[in-house]
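Comments concern the structure below.
Each reported figure results from applying straightforward, stated rules to the coordinates on display, with no laboratory input. Remember, predicted model here, so these are calculated numbers, not experimental data. Counting neighbours? That spans all protein chains shown, and the Cβs are built from the backbone with ideal geometry, glycine included.
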Amino acid sequence: MTGDKEKNIAYKLNPVKIIIPVAIGLAVVAWLMIKEIDAAAISHIKFTWLTVFWLGVAFIFVVLRTFFYMWRIKALCDNDITWRQSFRIIMLWEFTSAISPSTVGGTALAVVFINKEGITVGRSTTIVLMTSFLDELYFVVIFPLLLPFTTATALFTSSGTGSGSAILNNLLPLAIIGYIIIFIWVVIVGYGLFINPLDIKKLLITFFNISFLKRWKSGAEKAGDDIIQSSLELKSKPCSYWLNALMTTFFSWTFRYLVINAIIMSLFVFSDHLLLFTRQLVLWIMMIISPTPGGSGFAEIILGNYISDLIPTGKEVAKSLSLTMAIIWRAISYYPFLVAGAIIVPSWIQKKFLPSIIKKE
């Protein structure tokens, strides 16, 4: 890795960049509190010891989600890293996701995080590709399994009012398109990883030979090479490797979605958990196209509108309460990773990057 490239990576991880998503998030929260949240509506919330209990459960779910991410990355590295290293990798990964637009995420730098913890670049690439494949596979498998139990009408129609609801009531086509794209991606990568990687490389090169796509041809060739290398690496793995990978992926994503269920239980008596859980799978499609860092602002608004009709109160106060829940959700599951990353990144850069940068200069 060249000195210029290391400097560029160190710049991208600059904790000062935390100011952007925090500022966007706080600006949206302030706007929502002033314009959308009615103080009178908050009076419908009864704060009891159950409130504290279920908020505690929500936080535990965030911890468990992080733990299973750590377990997965450690297992995918064949236990060649320690728990402390896996914690560092996940915190850096989450931090990068939080300060990058959702369309970019933290995956682009994840190879570097793993490599700097002692795993070769080739293996790091394989591990990151596998995590991406497993994450999309969770969505592709779980969503159709849950859909028959919720119905499309309940899932894609909001009884709320306003522009947010208008967006959500037209969400079905977007969800179908998003699911098809993710499904095709899983099939292509799965075929490449486990059956014939060379065919996938040829397909990618052919596709990116189209005139208006040629600018990305070199990237497609590299992706094809990564799939070939990863396929060779993965074919020798035992069954226990795959069981660990699938199990930790399932629990990490399930606990991620259960956070909202716990938050709503902290405020109301609520029973429609499966519908709320399944709606979050749809929300995830919208989150990955968010142009803001970590979905700041976008996530609060979309979630607040999407769950308002599930709040067991009158329509006149449901929107205010759902937006309040969305803010609590982000406070529990988003901002802690910004803080953790801001603490870890400076010392990590100093230890992993500065010596080699200084040496090359």
Most exposed first by the Cβ proxy, i.e. fewest other Cβ within 10 Å, how do 149, 208, 68 rank?
149, 208, 68
State the extension gain, in nm to one decimal, for the chain segment bounded by residue 177 and residue 270, taking 0.36 nm per residue of separation less the distance between their alpha-carbons.
30.4 nm
Between residue 51 and residue 242, the two model label points (7 Å from Cα along the beta-carbon direction) sit apart by a distance in nm of 4.9 nm
How would 185, 348, 49 line up from fewest to most surrounding beta-carbon atoms within 10 angstrom?
49, 185, 348
Theoretical FRET efficiency, 1/(1+(r/R0)^6), r = Cβ-Cβ of residue 84 and residue 339, R0 22 Å, to 0.05:
0.75
What's the center-to-center distance, using Cα atoms, between region 249-271 and region 59-85 in Å?
20 Å
Might you report the magnitude of the Cβ-based charge dipole of region 42-93 about its Cα centre, with Lys and Arg at +1 and Asp and Glu at -1, to the nearest 20 debye?
120 debye
Least to most buried among 239, 77, by other C-beta atoms within 10 Å and fewest first, runs 239, 77
